[in-house]
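The values are calculated or read from the model by the stated rules, or taken from the named source; none is laboratory data. Note that this is a predicted model, so its numbers are computed, not measured. Reconstructed Cβ throughout: ideal geometry from the backbone, glycine too, with neighbour counts over all protein chains shown.
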Amino acid sequence: MISSRIIREDILKMIHRAGSGHPGGSLSLVEVLIHLYWKEMRIDPSNPNWEDRDRLILSKGHGAPALYSILARRGFFPPASLDSLRKFGSDLQGHPHMQSLPGLDCSTGSLGQGLGIAAGLALGLSLKKSDARVFCILGDGELQEGSIWESAMSIPNLEQKNIVAVIDRNRVQLDDSVKNIMPVEPLAEKWRAFGWTVANCNGHDSQEIERAFATPTDRPLVIIADTIKGKGVSFMEDLALWHGKAPDRDQLHEALKELK
Amino acid sequence: MKATRVGYVEGLLDAGERDSRVIVIDGDVSRSTGTVAFQDRFPGRFFNLGIAEQNMAEYSAGLALAGFIPFYSTYAVFATGRAWDQIRTSICNMNLNVRIGGAHSGTSVGPDGATHQALEDIAVTRVLPNMTVLVPADSNQTRQAVLSSLEIDGPVYIRYGRNPVPQIYERNTPVVPGRGRLLREGKHASIIAAGAMVSIALQAAEMLKKQGISVSVADMISIKPLDTELILHMAKTSEVIVTAEDHQVTGGLYGAVVEFLAEHSPHRVIPVGVNNRFGCSGTPEEVLKHCGLTAEIISGCVEKALKKW
């Protein structure tokens, strides 16, 4: 297992160098992604196109810096590439671009589409008699997109079981808190009513995360991970202001000091 | 006379037989589009996802990521318009092998009225990188368009219609992306048509012949990639070019032809198509007439242009 501090340092440095990006919703994802890539998923970084690998679709594509750091630290590509985030000619676009970067299973960025793609991919894997699973990470603000609920309806109705959705419930979106913009709660009740098994966890506690993923179920599983937007950097935490803003040099210095 | 939607389903059945990667997805219109026949033949490879076009496009993207060739179809207006961002970002951006069937396109869905008449679908698909756009003119050609799409690397939009149109092609006349067909060669003027307007353009050519005017007629089934060689040939051999389409003239066939000619062989081109308006209820013939999409209008455009020049 890698330390979450390394991933958070990567995220902050990358976004600082790029001069733009989304630190808040990247920092909230760290522990869930570490669990997935170091414990949960069946993957082989030396064979990123392995047919029977588990897949991950980051539907909230603006969390790309977290995923890039994870993929690099897991060995899909050299960590030195992280310096090129959002730069011209880089394989690390502002939002995940599958065609250019090994380890990415899907390009994402327009919110609301990842769950349906994950569902199609999971359906395809079942038709091929593969036992691979598909994981999809959603933001809680993203659940305001109607297309999410189309997929939330079809996945249990098609009895798809090789799919796990994770909601990164950091409760903050670009403009303000989710509660103030357009509340999406009560989430557990909604997903249960659509036919999902719902598990909850503290999205920054690796043991709780592991337990949530191990929830026994014969239905599709959605994990509501309670997280903190900007987790680990006190002046970013819970603030919509840090949804899409790069730290300047002093702020980066301050943040890195805090992480130590 | 046979509807192009029949050819689409015949193509799906043959494609399904030939290639086990073919999956068909419908959005609660399978009895109207006819894809229910695919469900009967290949029940394990058919999915009806209900009235949820965005989800259909997303499932198709995912199935293509898993190595399948999904064909999703519903009324053209919803297939392309309701799911456009999915088509753009999740299908074209990843250059996935998704085929989109735009059923009941243009004015062919007459009585249903303006809401159901897709008159903008060519424009919104043609603009997307990686997309191939095929607009077949009869049922045989539609079947062949479906089969030819199996060989295309990347997304394909196939536009077809609801009501019967005259048969122009033999069953086995192949469709080649990037290639149109010169159906008739004349020396005074050229008509470039697509879809349901091809047979109407041929009628116009007959009417003009009676007046001693000989016109070429080309079927531009492949709107993207465009058959630029054929267009150049027509520009070189005739002073008057008329386009004919069951679609808005902006962004459709007319748009494609003039964009190309403006750069490579400046030429005056006269559009016959829907001009910045919505359709209305009526029989397909009545709506075609209302929108100015008749053989008389096409022949009139040719005559007028020849007189003026």
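When the criteria are applied in full, A:TRP196 meets the requirement of being over 19 Å from the mean Cα position of the chain (by Cα), surrounded by 18 or more Cβ atoms within 10 Å (Cβ to Cβ) and over 24 Å from A:ASP175 (Cα atoms). Note on the range B:86-125: residues that are within 11 Å of another protein chain (Cβ to nearest Cβ) and either touching a residue at least 60 places away in the same chain (Cβ under 8 Å) or in contact with a Phe, Trp or Tyr (Cβ under 9 Å, 6 or more places away or on another chain) (or both) total 5. Among the residues making up the range B:14-53, those that are among the aliphatic types (A, V, I, L, M) and buried (at least 21 other Cβ atoms within 10 Å of the Cβ) are B:ALA15, B:VAL22, B:ILE23, B:VAL24, B:ILE25, B:LEU49, B:ALA52.
Figure legend. Inter-residue proximity from the range A:39-60: first residues surrounded by 13 or more Cβ atoms within 10 Å (Cβ to Cβ), second residues in a loop (DSSP other than H, G, I, E, B) and of a type in the set (Gly, Ala, Ser), beta-carbon distance below 8 Å, spacing 6+ or different chains. Indicated pairs: A:PRO45/A:GLY75; A:PRO45/A:GLY103; A:PRO48/A:GLY103; A:ARG53/A:ALA132; A:ASP54/A:ALA132; A:ARG55/A:ALA132; A:SER59/A:GLY112. Can you find a residue in the range A:38-58 that is at pLDDT 95 or above, out of contact with any Ser or Thr (no Cβ under 9 Å at 6 or more places or on another chain), away from chain B (no Cβ under 11 Å) and in a helix (DSSP H, G or I)? So far as the range A:38-58 goes, yes, one or more of its residues are at pLDDT 95 or above, out of contact with any Ser or Thr (no Cβ under 9 Å at 6 or more places or on another chain), away from chain B (no Cβ under 11 Å) and in a helix (DSSP H, G or I).
If the condition is being in a helix (DSSP H, G or I) and within 14 Å of another protein chain (Cβ to nearest Cβ), then the range B:64-80 contributes B:ALA64, B:LEU65, B:PHE78.
Listed by first and then second residue, the pairs with beta-carbon distance under 9 Å, at least 6 apart or on different chains, first residue in the range B:2-22 and more than 22 Å from B:GLY195 (Cα to Cα) and acidic (Asp, Glu), second crowded, with 20+ Cβ neighbours inside 10 Å and at pLDDT 95 or above, are B:ASP19/B:ILE69. Listed conditions (1) closer than 27 Å to B:ILE69 by Cα; (2) away from chain B (no Cβ under 14 Å); (3) touching a helix residue (DSSP H, G or I) at 6+ places or on another chain (Cβ under 7 Å) are all met by A:LYS161, apart from (3). Based on what the data block shows, is A:GLU237 free of Cβ contacts under 8 Å to residues at least 40 places away in the same chain, of a type in the set (Asp, Glu), surrounded by 15 or more Cβ atoms within 10 Å (Cβ to Cβ) and in contact with a helix residue (DSSP H, G or I) (Cβ under 9 Å, 6 or more places away or on another chain)? When the stated conditions are applied, A:GLU237 passes them. I'd like to know if the range A:112-125 contains one or more residues that are modelled with pLDDT of 95 or more, out of contact with any Lys or Arg (no Cβ under 6 Å at 6 or more places or on another chain), more than 9 Å from chain B (Cβ to nearest Cβ) and within 17 Å of B:SER60 (Cα to Cα). For the range A:112-125, residues modelled with pLDDT of 95 or more, out of contact with any Lys or Arg (no Cβ under 6 Å at 6 or more places or on another chain), more than 9 Å from chain B (Cβ to nearest Cβ) and within 17 Å of B:SER60 (Cα to Cα): absent.
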